[in-house]
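The structure under discussion appears below in the form of structure tokens.
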Amino acid sequence: MRQIDWLGNPALGAILVTAIWGVNMVAMKAIVTDMDPLLFTSARFLLLAVVLLPFVKITIAQLRPLLPIALVMGLGHFYLLAVGLSIVPGVVASVCFLLSAPFSALLSYLFLNERITLVQTLAIIVATLGAMLPTLLTGESDLQWGMFIVILSTFMWAIGNIQIRKLKELPVLAIQFWIAIITAPLCFVAYLLQADNVAILAQFTTSTILTIMYVVLCSSILAYSFWYGLVHRHGMGRLAGFILLQPIYTLIFGYLILGETLTLLQLVGSLVTLTGVYTYFKHSTNNKPISNSITQ
């Protein structure tokens, strides 16, 4: 029987990866309705650190440059993303997260003196408006607050990306390990300090445990291992457009699993954002990966 070369075919591999990421948004949305976002963030990173420990070479020298990155990514991005997902539909969060690449480009222009074209600038503006306006026009303060949290988490992702670009080359697994091992205890202590926290063991049901395992093993490790392999073999230019499939998968699985739907206004806004991000990718002047370390 002929084996499928997932890395040899960029389309096949990218479709698989974006499907895993799309389901991941739905899984995270589901779990933060049953588990406190701080406890979930702590649990996922504890498991990630345990799984990665046998495969990384750890040195104390890595801690100093990676500590600020871990704080930005762990608390600034991953925790805020979990909080945002507890408020807004998964597909809305997934569309907002597409802004991570344009945000990274904008920050690279401001702080790393990298080139950004006028078309890319306009695409960033269009994509941002498409993600924000539908929720702003609803007049629902909870959804608006949740959307701003997701977009802030996306912006923190972009800041972490800039921090990593300034570092010397470090193994991807080592960066992921340090983000995990620093974030897990911080989020756990913050959870314990909450006045209204729920009993810990009561939140670890069969479904929440299986969801955490999926987020860590399938999305954080398997999907990104495939993605980095694809980027290495084929370049970002051939893969970037496939990222736009993620919110489509999230919409499909969000409807099938959670019964989530989009209003007409949200659907139009999502299409505007997809168009803006696609235009940004199409006019990108380099083939560097969007990130060399970050997991969802």
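The values are calculated or read from the model by the stated rules, or taken from the named source; none is laboratory data. Quick caveat: nothing in here was measured; it's all calculated off a predicted structure. Every residue, glycine as well, gets a Cβ built from its backbone with ideal geometry; the counts of neighbours run over all protein chains shown. Just the protein is used for accessible areas: all its heavy atoms, side chains included, with ligands, DNA and RNA removed. Shrake-Rupley method; radii C 1.70, N 1.55, O 1.52, S 1.80 Å.
Pairs of Cα atoms nearer than 8 Å and 6+ residues apart set the relative contact order; for the chain it is 40 percent. In this simple spin-label model, placing a label point 7 Å from the Cα along the Cα-to-Cβ direction at both T33 and S141 gives a separation of 2.4 nm. Here, the range 101-240 yields an orientationally averaged convex hull projection of 12.0 nm² when only Cα atoms define the hull. Using heavy atoms of the protein chains and a probe of 1.4 Å, the accessible area assigned to E140 is about 100 Å². Computed from the C-alpha gyration tensor, the three semi-axes of the ellipsoid equivalent to the range 65-159 are 23, 19, 8 Å, from longest to shortest. For the chain, the per residue solvent-accessible surface stands at 47 Å², with DNA, RNA and ligands left out and a 1.4 Å probe.
Distance distribution note for the range 1-152: the fraction of Cα pairs above 22 angstrom is 57%.
Ignoring the sites themselves, the chain has its longest run without trypsin sites (Lys or Arg not before Pro) in a DSSP loop having at most 15 other Cβ atoms within 10 Å at 169-296.
State whether the range 76-130 is rounded, prolate or oblate according to the following rule on the C-alpha gyration tensor (a ≥ b ≥ c being the square roots of its eigenvalues): a/c under 1.5 gives rounded; otherwise a/b larger than b/c gives prolate, and the remaining case gives oblate. Here the range 76-130 falls in the oblate category. Only protein atoms count toward the accessible area here, which uses a 1.4 Å probe; on the range 1-158, the carbon and sulfur part of that area reaches 70 percent.
Rounded to whole Å, the principal axis extents of the Cα atoms in the chain read 51, 50, 48, largest first.
Ordered from longest to shortest, the equivalent ellipsoid semi-axes for the range 40-111 are 26, 20, 10 Å, each the square root of 5 times a Cα gyration tensor eigenvalue.
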